[in-house]
């Protein structure tokens, strides 16, 4: 409808010389589409879900970085103050690779499940009930 009004004005002999009149006429006309009654709620829900995912993942990464940082401090102390050799550490890790990767995977999985998945599903079930 707004396009039709604009075209009528543009092709008529009595064109508006003032842009404010044109804008006022376009804003007073009815739109050619209707939004559903819950349109605002749907948009807010989508934005909330997107924001929640980003927040959950960012929090997971922060906790993961903190755990890695806390693990690096004792290792650095061993190398700096107690003269540990990296060849010995590498040999120990390679000899026990299944245990080391299992523990690392378990820690990352528990942290991810706690910080991301559990929160997401609890939030999702709370919004479905409302």
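Observations on the structure shown:
- Candidates 51, 11, 81, filtered to the one that is at pLDDT below 85 and over 33 Å from the mean Cα position of the chain (by Cα): 11
- For residue 109, the requirement of being at pLDDT 90 or above, within 25 Å of residue 122 (Cα to Cα) and under 18 Å from the mean Cα position of the chain (by Cα) is not met.
The values are calculated or read from the model by the stated rules, or taken from the named source; none is laboratory data. Since we're looking at a predicted model, the values are computed, not measured.
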